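The values are calculated or read from the model by the stated rules, or taken from the named source; none is laboratory data. No experiment lies behind these values; they were computed from the predicted model shown. Positions of Cβ are backbone-derived with ideal geometry, glycine not excepted, and every protein chain shown enters the neighbour counts.
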Amino acid sequence: MKKIKMISSLISGIIGFTSVFIMTGSAYGNDSNGGSLYTLEEVVVTARKREESLQNAPISITAFGGQDLERRNITGLADIGQITPNLVFNSSAPISGNSSTASVFIRGIGQNDYTLVTEPGVGIYIDGVYIARSVGGALDLVDVERIEVLRGPQGTLFGRNTIGGAISITSQKPDEELAGRIQLTVGKDQLTDLKGKLNLPLGDSVFSSFAISSRKRDGFVKNVQNGLDLGDDDSLSARAALRWLASDKVSVDFSLDATKERENGAASFAVAADGLSPLGAANNVVFLGALGCAPPPGPIGNTNCFNSQWVTDGQRISNGTHPQYSELDIWGAGMTIEWELSENLSFRSITSYRDLDSSFSQDADNSPVLQDHITHEYEQDQFSQELQLLGSFMDDRMKTVLGIYYFEEEGKDINVVSFPVVLLSSGGSIDNESKAIFGQITYDITDALSMTLGLRYTEDKKVFLPDQFVLDPRLSAAPPPAGFAYVPGTRMLPFEEVETDIDEITPMLNVAYNLSEATMLYATYSEGYKSGGYDQRVFPRTSDFTAPSFEPEFVESFELGMKYKSDDNRFRANGSMFFMDYTDLQIAVVNNNVDVITRNAGEAEIKGFELELAFIPADNWMLEGSLGYTDAEYTSLSAGAIQAGLSRDNELVNTPEWSLSAAISYTQPLESGASLSLRLDGSHRSEVFFDITNTQVIAQDDVSLVNFSVNYRSTGAWDLGAGITNLGDEEYHVSGFQHLNPFGIAYVNPARERQWWLRVGYSF
């Protein structure tokens, strides 16, 4: 508690320091930025399918450049969750069993499940290409030029499943300069992180680049049964890019990337093991009674019994005996063609193919007793094609975007689920297709006032083939429907394709007004939706022998925003307020049976704001800060949600009320011409719940984090860095799962404690 108070006071001090300078910022209004070591560089974004300044884009967006990511020691996509207001990015989705499955929420909207039949609520894009699956979504960052976090529904230009927002990653393009960089980082837990980049021109109009990243680190939760360290890193990522300037009007960009990840399994430990739960008691009586485990919960200390002896909260110990591992292989190829048809018209084609293969397994009970074991074989491949026609007319007063989009994917998720009462083969395969046509027009009514209207029409077709059957009936605690018996080979769902189709129109209206060259106000109305689907986890068999389905979810969003940048380029402030009407929201429900399914909960209202600041008070100093607030509440509930235990008093999952960050940087020039930089980062996030009923045992209380780094840059090619993350050594977790009824289990996925690192880089 003392550590938390200390860190909170430090963060408050940084924010207070920032506020003082903001209030006195006019004192610097006439200064030039001349010899300043810091500048608020012009940030270019492509959120509206064309390049424009961050300050001129009338949307709520946070952008990080490549140098900014390095300065903050951000090595993975999940790291941006600590410094982006109203963004929660977890790399270990509940019950996934690996550390590369993204669970992303923006302004309270996202998705916790990772199955093929559910869709993410926040879209992740690489160079304009949609990454359809959350498995493998917690990407390592290789050769990144910029990351943009777009808050609010992006249904017009980005389409379905961006109902909460989108994260867009732009890779660096090869150019005509021969250059390279190699960088080595070492640190605690045997961290070894090696990155290399080479930009190689092949001629006057053909350029190439090659990047590679290798990262290894020991785990931080010990499995005492097999000696493995859970949560370890062992990844290899590579990217090759080729750029061809076919003419002064045509460019072709081709890229090929691959990622290989291996880990012992996601770090987790038990926070509840209830031997009196229905299936815990059945296990102790029926299967283990002869070993002295009856009556339940059995004696504490008898390692044959399932009870509270396996709770290791705070010790970072797992007692699981089921094989735990995660293997992930991803590769993709993409090609972008840009053609300047005329002075006012240009054409863009984005073609992509991606392939994902993954195997992962988890001992969800974290005990030597068979209570909940899951193994996945997960495959997915996708193809997408997008064509855009971009126009600029009437002396650039009218800008247009027209486009068509096609997407298809196939995938298979076969998981073996082992419970005390039954052994199942679950999952199935998908064959999905999406088509869309979209357009957006921006018109400058006056020099100060502009209006943007966007519209997208989407057709989705989703086909699911369930493949769920009994491998071993063992002892079914839940009796089957009348006239039915559980025997090996008995199907939980018919081995027949089921299909759902939906077509939707998602509009957007934006009005922007420039009060001055420094200040812009904007208002936006937008809509978005996320596709529905079918459940792939069903036990016991439904009485009507059909695949349970869930409907699409929808959101209407109203947003007011402001952007300001001082004339002297020393102060920037961007803020927004929002209100969203969220209907048919999809939630992960843990039934009193054995399955985790998706249901439509009802309706919710979400409102809040974001504020981001950057300030250069003096030539050697820079201050940065952000503040996010989200107030989300259910306004009505479906019968299925109420039956699952949800009440209107419950908070939405992964939706902290407050999220804030602050940073202070100082650079000291040295007599040799080199420089020494110091940076202190702080972040705070209020309480987060990880399940719909807000189970306290897996919830994460308020947490405050502080990071410190120092960097030396020589006059030549060398640079050195060192730092400490989680300076206060806070113990916290990033996700959790509970199945207390009927299994009696609950566990959390912790974050790493205090870490130190050293880095050396050489550029040429």
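Filtering Ser659, Ser683 for residues that are within 22 Å of Glu730 (Cα to Cα), polar (S, T, N, Q) and in contact with a helix residue (DSSP H, G or I) (Cβ under 8 Å, 6 or more places away or on another chain) leaves a single hit, Ser683.
So is Asp581 touching a strand residue (DSSP E or B) at 6+ places or on another chain (Cβ under 7 Å) and either acidic (Asp, Glu) or assigned to a loop (DSSP other than H, G, I, E, B) (or both) or not? The answer is yes for Asp581. Out of curiosity, is Leu424 modelled with pLDDT under 95 and in contact with a Leu (Cβ under 9 Å, 6 or more places away or on another chain)? Taking the combined requirement at face value, the residue satisfies it. Counting only residues that are of a type outside the set (Asp, Glu) and assigned to a loop (DSSP other than H, G, I, E, B), segment 74-118 holds 25 of them. Mind checking whether some residue in segment 642-658 is under 28 Å from Pro278 (Cβ atoms), in contact with a Lys or Arg (Cβ under 7 Å, 6 or more places away or on another chain) and modelled with pLDDT under 95? Yes.
What residue, among those in segment 347-383 that are small (Gly, Ala, Ser) and within 12 Å of Gln324 (Cβ to Cβ), is surrounded by the fewest Cβ atoms within 10 Å (Cβ to Cβ)? The qualifying residue surrounded by the fewest Cβ atoms within 10 Å (Cβ to Cβ) is Ser359. For segment 138-159, taking the residues that are within 22 Å of Tyr378 (Cβ to Cβ) and surrounded by fewer than 24 Cβ atoms within 10 Å (Cβ to Cβ), the one that is nearest to the chain's Cα centre (by Cα) is identified as Leu139. Could you check segment 243-288 and list, in sequence order, the residues that are buried (at least 22 other Cβ atoms within 10 Å of the Cβ), in a strand (DSSP E or B) and of a type in the set (Ser, Thr, Tyr)? Within segment 243-288, Ser255 is the sole residue that qualifies.
The set of residues in segment 598-631 that are within 21 Å of the chain's Cα centre (by Cα) and closer than 30 Å to Val538 by Cβ contains only Thr598. Note on segment 64-73: residues that are surrounded by fewer than 19 Cβ atoms within 10 Å (Cβ to Cβ) and not in a helix (DSSP H, G or I) total 1.
Of the numbered criteria (1) under 26 Å from Glu499 (Cβ atoms); (2) of a type in the set (A, V, I, L, M); (3) crowded, with 20+ Cβ neighbours inside 10 Å; (4) modelled with pLDDT under 95, the one Ile430 fails is (4).
Okay, residues lined up against (1) closer than 20 Å to Lys461 by Cα; (2) in a strand (DSSP E or B); (3) modelled with pLDDT of 95 or more:
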residue: Leu493; (1), (2), (3): no, no, no
residue: Glu517; (1), (2), (3): no, no, no
residue: Thr524; (1), (2), (3): no, yes, yes
residue: Gly528; (1), (2), (3): yes, yes, yes
residue: Pro540; (1), (2), (3): no, no, no
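Based on this model, can you work out whether Arg679 counts as without any contact (Cβ under 8 Å) to a residue 40 or more places away in the chain and not β-branched (Val, Ile, Thr)? The answer is no for Arg679. Checked against (1) of a type in the set (Ser, Thr, Tyr); (2) closer than 30 Å to Glu176 by Cβ; (3) within 29 Å of the chain's Cα centre (by Cα), Ser247 meets all criteria but (3).
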